[in-house]
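J.: Attaching a single structure in structure tokens format; questions to follow.
The values are calculated or read from the model by the stated rules, or taken from the named source; none is laboratory data. Since the model is a prediction, treat every value here as computed from it, not as a measurement. With ideal geometry, Cβ positions are generated from the backbone for all residues, glycine too; neighbour counts draw on all protein chains shown.
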Amino acid sequence: MHTKRWFVCTGILFGTVLCALAADEGRSAAFVPGQIVTICVNLSFEESEEPMLDYDASRLHVVDHPLVQHKLSILRDKNTSTKDFRELVTELAIFEGYEALRDLPLEDVEVETPLEVMTGKRIQGKKLAIVPVLRAGLGMVDGILKLVPTARVGHLGMYRDEETHEPVPYYCKLPEDIHERTCLIVDPMLATGGSLAAAIQFLRDAGARDIRCLTLVSCPEGIKNVLDSSPHVELYTCCVDRQLNENAYILPGLGDAGDRIFGTR
Ligand code: PRP
Ligand code: URA
């Protein structure tokens, strides 16, 4: 998004300078390309489908490995079965968790191979908590647990009011020592961002400090909401979709993630 804005601004500047130079020196050869550049960048402004939103992009990590993009396309397909949908959510959570835990601290460990003794590495005793936002977030838990089987799991129950699209909390159970743990909040969909922002606030109120959010499909409005309202969280997602529709569903999106994971519609 920032690249596009940079391109548009540079294009306008370049086109304007060419026009001005041409007008100044009476050179029609430079005037025409100058006008063309200006018109083109104006058109790209008008045709831009992404809302131009400002947020701290350094805290947004888009996990766009080719395997992730491939699996995401199957996930979006309305003909994908509940069973396949569930399996794909688990697989995508593994890819995303792998990236979100890239900075886990290591320590030396002595290992005796069949041939000699060497110094290997192991993960320091870092404590982890996975916190799914119910219901859909439950679909991502098994994937992260495959990476870190000893992680604790908290639960945050929240649903979106169909009229206001505001999150309605109904359940919260977190590990007692959440303040000592690296917390991964998982929820496949980041739409308005209301649910994730509320989930982050629950964790902060409980004392959590190291919070990372993992979503599969996000949109610019939700990303901005979360990054602006929570200056210390890191956000991981597999893609940034175009926009929200009038019912605050993500376009193109994948529909209702909870219903598709649990086969309730
Ligand atoms: C979905 C999704 C998120 C929320 C995203 O849950 O899993 O929690 O909506 O929307 P937001 O960014 O606008 O808050 P939903 O409310 O449908 O509940 P469910 O998981 O129980 O189906
Ligand atoms: N929740 C979903 O499950 N999907 C959306 O597109 C938005 C919110």
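J.: If you go through region 143-153 one residue at a time, do you hit one that is part of a loop (DSSP other than H, G, I, E, B), within 21 Å of the chain's Cα centre (by Cα) and within 15 Å of ligand 1 (Cβ to nearest atom)?
T.: no
J.: Consider V186 against the criteria (1) crowded, with 17+ Cβ neighbours inside 10 Å; (2) touching a His at 6+ places or on another chain (Cβ under 8 Å): it satisfies all of them except one. Which criterion is unmet?
T.: In the conditions (1) crowded, with 17+ Cβ neighbours inside 10 Å; (2) touching a His at 6+ places or on another chain (Cβ under 8 Å), V186 misses (2) alone.
J.: Which of the residues that make up region 43-76 are outside any helix (DSSP H, G or I), under 20 Å from the mean Cα position of the chain (by Cα) and either at pLDDT below 95 or exposed (fewer than 12 other Cβ atoms within 10 Å of the Cβ) (or both)?
T.: Listed by number, the residues that qualify are E49, E50, P51, M52, L53, D54, Y55, D56.
J.: Among the residues of region 181-191, is any more than 9 Å from ligand 1 (Cβ to nearest atom), in a loop (DSSP other than H, G, I, E, B) and not acidic (D, E)?
T.: Yes; the residues of region 181-191 include at least one that is more than 9 Å from ligand 1 (Cβ to nearest atom), in a loop (DSSP other than H, G, I, E, B) and not acidic (D, E).
J.: Under 17 Å from L53 (Cβ atoms), in contact (Cβ under 8 Å) with a residue 24 or more places away in the chain and away from ligand 2 (no atom under 14 Å from the Cβ): which single residue out of S229, S218 fits that description?
T.: S229
J.: Which pairs turn up if I take residues in region 239-258 that are closer than 16 Å to K71 by Cα and look for partners that are within 9 Å of ligand 1 (Cβ to nearest atom) and assigned to a loop (DSSP other than H, G, I, E, B) with beta carbon separation below 6 Å, at least 6 apart in sequence or on another chain?
T.: D241/C219; A257/A136; A257/P188
J.: Looking at region 246-259, which of its residues are outside any strand (DSSP E or B) and near ligand 2 (Cβ under 8 Å from one of its atoms)?
T.: Passing the criteria: A248, Y249, G253, L254, G255, D256, A257, G258, D259.
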